[in-house]
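Q: Attaching a single structure in structure tokens format; questions to follow.
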Amino acid sequence: MSAPVSLKPSLIVRLVGLCVARAWLVVTAVILLCVAITHYVTGHFAMTTETYALLSPKLPWRLRQAAFNAAFSQDESNIVVVVDGQTPELSEAAAASLGASLSAQTRLFHSIQRPDSGSFWARNKLLFASAEDVKTFIAQLLKAQPFLGSMASDPSLRGLAKTLSLAVQGVSNGQASPEELRTPMRTLTDALEGVAVGKSSFFSWRSLITRHDPDTLELRHIVLVGAVLDFGQLQAGKLPIDAIRATAKRLQLDTAHGVRVRLTGPVPLQDEEFATLAQRAGLIACLASGAVILMLWFAVRSPWLIASILATTLVGLLMATALGLALFQRFNVISVAFIPLFVGMGMDLGIQFSVRYRAERGAGGDVAKALTATVSTLGKSLTLAAAAIGAGFLAFTPTAYYGVSQLGVIAGLGLLAALALNLTLLPALIALGRPPGTPLRPGARLTRIDSYVLGHRRLVVGLGALAALISAALLPRLHFDFNPIRLRSSAVESVATLVDLMRDPDRSPNTLEVIRSNLAAADSLAAIFRTDPHVYGAHTLSSFIPTGQREKIALIADAANLVDLTLNPLEVATPPTDAELVDSLNQAAAKLRQASIEDSSLRADTRRLADEFDALARGSKSARAHAEEMLLPGFVTTLEQIRNLLQPAPVSIETLPPEILRHWQTADGRARVSVLPKGDSNDDVVLRRFVAAGVKIAPDATGTAIYLQAYGEAVVGAFVEAGVLSFVAICGLLLIALRRVRDVAITMAPIVLTGFLTLGSCVLIGQPLNFANIIALPLLFGIGVAFHIYFVMSWRSGGSHLLTSSLARGVFFSALATATGFGCLWASSHPGTASMGKLLMISLVWTLASALLFQPALMGPASVKNETAETTS
């Protein structure tokens with residue numbers, strides 16, 4: 001029995017009939033078109049990985065950030081090299097050698113900065129300590145004077161052996177306190193014992209002199225690198241990052257030599273994220289492909305139909321890619337998400353068409369008639385679904401999130417291309433392959449479920465409404481995780497290093513930055529910031545002008561006069577021969593054993609050291625060389641550092657190094673205030689309170705801390721705006737097509753239910769929304785819209801018992817294909833991608849439940865409307 005056919009479906013029927021009749025011509029034309037498009041895509045494909053350009057530069061916080069960057073452009077280092085040493089000497093030497101080597105590689109690096117080192121800090125560091133700390137340092141230096149003087153005049157293992165034997169004699173003669181010798185004796189013995197057994201040992205002369213363990217600031221140095229990037233590559237910083245690692249390896253900056261070099265910063269973070277995404281990519285791709293093909297087999301039971309669906313989808317994907325390149329010249333890391341969107345929606349159209357074809361052909365009907373009947377039944381549904389979803393994606397265009405805007409345009413127009421291909425290429429391929437059909441035989445269980453749903457409509461709808469209310473009540477507990485660090489694998493170096501830095505308030509990258517018209521205004525603002533309990537510190541250019549300089553310089557000058565000959569002996573002994581070295585070790589060991597020391601603990605340490613000297617003397621020449629390599633370079637470094645510290649000069653704005661001035665004040669006098677958070681700035685609560693307090697004090701503040709939160713809020717705002725616009729656009733289009741508000745409500749209500757259930761489930765399992773999984777929402781929204789349009793159109797055409805129809809089969813396997821295909825992302829080692837797979841799986845389960853159970857109960861008995869009915873069998 002047939003219903004009148006409207007103009008639009010008749011055009012579609014004619015189009016499909018023409019493609020079936022001229023199948024070879026259609027396929028040939030598509031092949032030629034694919035060759036041309038492939039040539040265009042391979043010649044023009046480009047992708048930028050620069051995430052900073054994804055948001056509109058006209059946003060207020062971005063304007064403030066741009067103004068700050070323009071004023072202090074030297075801050076734009078993009079690689080942070082963290083150098084940790086087992087001793088302060090090793091850390092300083094490693095950072096200095098690495099920085100000098102990288103500075104020479106101008107093709108890859110445009111700037112190298114060491115913010116915590118340099119000649120200014122080498123000479124004036126003591127001026128930034130308190131007067132009491134300066135006095136303590138001088139007292140320790142004077143106590144170490146005999147030791148330093150002896151070593152400075154003979155900086156060799158021979159000199160060390162003589163120095164220690166003389167020191168022990170001084171203790172035994174009552175000329176020195178045992179406490180003064182205990183620490184150097186024990187630490188040196190421990191180091192030599194390590195060398196003897198082949199264990200890497202490291203000795204700090206600075207710790208020996210200051211008599212305290214070094215803190216993190218002494219053991220860690222930072223090198224800020226401005227690298228030349230290639231955003232045309234997936235890993236824009238691969239070449240400079242590889243060069244840094246190769247340089248560190250060449251300089252032997254590794255754990256075997258007491259140094260660890262780690263990279264973090266924007267570029268390593270981004271590049272390692274892409275590398276993490278590539279991990280298990282082959283496995284995930286195989287799992288996804290296998291799952292999709294398996295679901296397609298269950299849906300259509302025909303290799304030819306599976307191949308036809310996949311071919312049609314791939315051709316559409318190629319066309320969408322060319323379309324995106326023609327419109328935007330290059331993809332970004334968000335717009336490239338059109339690939340899963342297109343594949344999911346394109347396959348859905350193909351599955352719906354193929355499943356209906358098999359039902360229409362039955363046990364052995366004519367292929368052409370089956371295809372005509374298929375398009376007569378589904379043509380308007382497919383067209384309306386594609387048009388509605390395409391309009392929904394195109395509604396993303398006005399958002400300030402350029403990545404989502406481009407994604408909407410490409411996905412929206414691409415979906416229309418997919419519709420065209422599923423009404424031309426797919427019928428032509430089916431006509432050529434003539435795959436068999438099968439009569440629809442609904443199972444007894446489906447029949448019972450269908451009857452129960454239709455017989456208990458109020459119960460099903462009521463349960464759906466109750467579930468929606470419960471989910472809505474949970475929504476206030478849903479939160480968006482603005483912290484991008486939690487989307488990355490904590491196992492990668494750049495993430496672990498950044499988290500390590502954020503725990504150190506002195507070096508936290510999550511700062512607030514403010515510009516004031518002059519230094520006085522900046523100092524006044526910094527003083528206000530320092531009174532806030534959420535602020536660890538606030539720095540301006542004045543922070544580089546130490547207080548009490550006259551008193552400290554006088555103290556240091558007196559000490560320098562006292563130790564001048566100690567640190568700068570008139571004569572320095574020539575390096576000993578190996579024979580002389582062996583003789584000095586034997587003599588020192590003998591004197592150590594002969595010394596009479598009352599302190600039992602020190603006496604034991606002295607004998608241990610004598611044993612080590614004996615072992616070195618008996619050992620190989622390489623063993624002695626190894627011991628000298630461990631001990632002497634650190635002494636030379638420490639000696640030079642002490643010499644520099646004893647030569648400070650008065651510090652003023654005028655005498656500050658140019659790099660510090662540029663870093664903190666512009667040529668026209670504007671001054672910078674940099675504010676550090678108190679506590680672990682990787683903690684959302686800590687960072688949120690810090691930003692709130694900072695913005696309250698200085699509403700024009702910018703900086704990384706604000707960037708992180710404002711970026712997340714802008715992304716969420718863009719998706720909310722796009723979602724609302726999409727919802728309105730789809731409702732408007734459905735109202736034009738269906739001409740009944742009730743039918744539009746019946747179509748959209750299950751979509752709203754699915755959204756509530758998905759977000760409520762996220763709350764229950766503790767899965768927040770984040771920058772990664774929020775991208776899956778457009779795909780889920782599009783699939784949901786398509787499914788519900790199919791059911792409403794079939795219902796309006798007089799379809800009944802939809803749960804047992806071929807349409808339900810198509811919806812079921814389409815959802816399973818998408819769920820299993822993209823749900824494989826759950827296996828990714830990238831936490832953000834895994835959360836996307838999890839959200840897809842959850843949402844598709846609820847999409848199926850609302851489409852197959854809630855929607856039929858909501859629609860009720862079949863309702864044939866002649867003005868909108870399609871031909872139906």
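Q: Please calculate how many Å² of accessible area region 288-368 carries per residue, with a 1.4 Å probe and no DNA, RNA or ligand atoms counted.
A: Per-residue accessible area for region 288-368 comes out at 32 Å².
Q: Roughly how many nanometres apart are two label points built 7 Å out from the Cα toward the Cβ at Leu478 and Arg662?
A: In this crude spin-label approximation the distance works out to 4.9 nm.
Q: For region 281-416, what does the relative contact order come out to in percent, with C-alpha contacts under 8 Å and a separation of six or more?
A: Relative contact order, region 281-416: 28 percent.
Q: Placing +1 at every Lys and Arg Cβ and -1 at every Asp and Glu Cβ, with all other atoms neutral, what dipole size does the chain have around its Cα centre, in debye to the nearest 20?
A: Here the chain has a charge dipole of around 4280 debye.
Q: Another question, if that's okay. To the nearest 0.05, what FRET efficiency results for Arg593 and Glu571 with a Förster distance of 30 Å applied to their C-beta separation?
A: 0.50
Q: Where the accessible area of the chain is counted over protein heavy atoms with a 1.4 Å probe, how much of it, in %, is carbon and sulfur?
A: About 62 percent, which is the carbon plus sulfur part of the accessible surface.
Q: Something else about it: Please compute the length gained on full extension between Gln329 and Leu562, using 0.36 nm multiplied by the number of residues separating them and subtracting their Cα-Cα distance.
A: In short, 76.8 nm is gained.
Q: How far is the Cα center of region 547-581 from the Cα center of region 679-737, in Å?
A: Taking the Cα centre of each part, region 547-581 and region 679-737 sit 59 Å apart.
Q: Further, regarding this structure: Expressed in nm to one decimal, what extension gain is obtained for the pair Ala46 and Asn518 from 0.36 nm per residue of sequence separation less their Cα-Cα distance?
A: Additional length available on full extension: 165.5 nm.
Q: A follow-up question, please. Suppose R0 equals 45 Å; then what is the FRET efficiency for Asp700 and Ser601 from their Cβ-Cβ distance, rounded to the nearest 0.05?
A: After rounding to 0.05, the efficiency reads 0.15.
Q: How do 31-43, 15-27, 784-796 rank on mean C-beta neighbours within 10 Å, highest first?
A: 784-796, 15-27, 31-43
Q: Under a 1.4 Å probe, what is the accessible area of region 453-595 per residue, stated in Å²?
A: Roughly 52 Å² per residue, with all protein chains present.
Q: Below 8 Å, C-alpha to C-alpha, sequence gap of six or more: please give me the relative contact order for the chain in percent.
A: So the answer I get is 25 percent.
Q: Also, I was wondering about something else. Which lysines, on any chain, are close to Lys238 with Cα under 18 Å apart, when same-chain ones fewer than 8 places away are left out?
A: Candidates past the 8-residue exclusion: Lys249.
Q: Given Cβ point charges of +1 (Lys, Arg) and -1 (Asp, Glu) and nothing else, what value in debye, to the nearest 20, does the dipole of region 662-787 about its Cα centre take?
A: 180 debye
Q: Taking a temperature of 20 °C and a viscosity of 1.002 mPa s, what whole-number D in µm²/s does Stokes-Einstein yield for the chain with Rh from Kirkwood over alpha carbon pairs?
A: D, rounded to a whole number, is 66 µm²/s.
Q: Now for a separate question. Mind listing the long-range amide H neighbours of Phe109? Cut-off is under 5 Å, sequence gap 5 or more, other chains count too, H placed in the peptide plane at 1.01 Å from N.
A: Long-range HN contacts for Phe109: Val228.
Q: Do you know the relative contact order of region 597-756, to the nearest whole percent, from alpha carbon pairs under 8 angstrom that are 6+ apart?
A: 6 percent
Q: Something else: Grab the other residues whose beta carbon is less than 14 angstrom from that of Ala307, score K and R as +1, D and E as -1, and report the net.
A: +2
Q: What's the longest bit of the chain with no exposed GluC sites (Glu not before Pro), using DSSP loop states and at most 14 other Cβ atoms within 10 Å as the test?
A: 77-570
Q: Once the piece of chain linking Lys369 and Arg742 is laid out straight, how much longer is it, given 0.36 nm per residue of separation minus the C-alpha distance between them?
A: Additional length available on full extension: 130.8 nm.
Q: For region 31-126, report the accessible area per residue in Å² (1.4 Å probe, heavy atoms, rounded to an integer).
A: Accessible area per residue: 48 Å².
The values are calculated or read from the model by the stated rules, or taken from the named source; none is laboratory data. Quick caveat, the model's predicted, so the values are computed rather than measured. Quick reminder, even Gly has a Cβ in these numbers, built from the backbone with ideal geometry, and neighbours come from all protein chains shown. When the accessible area is computed, the model is the full protein with side chains, heavy atoms only, and any ligands, DNA or RNA have been set aside. Shrake-Rupley method; radii C 1.70, N 1.55, O 1.52, S 1.80 Å.
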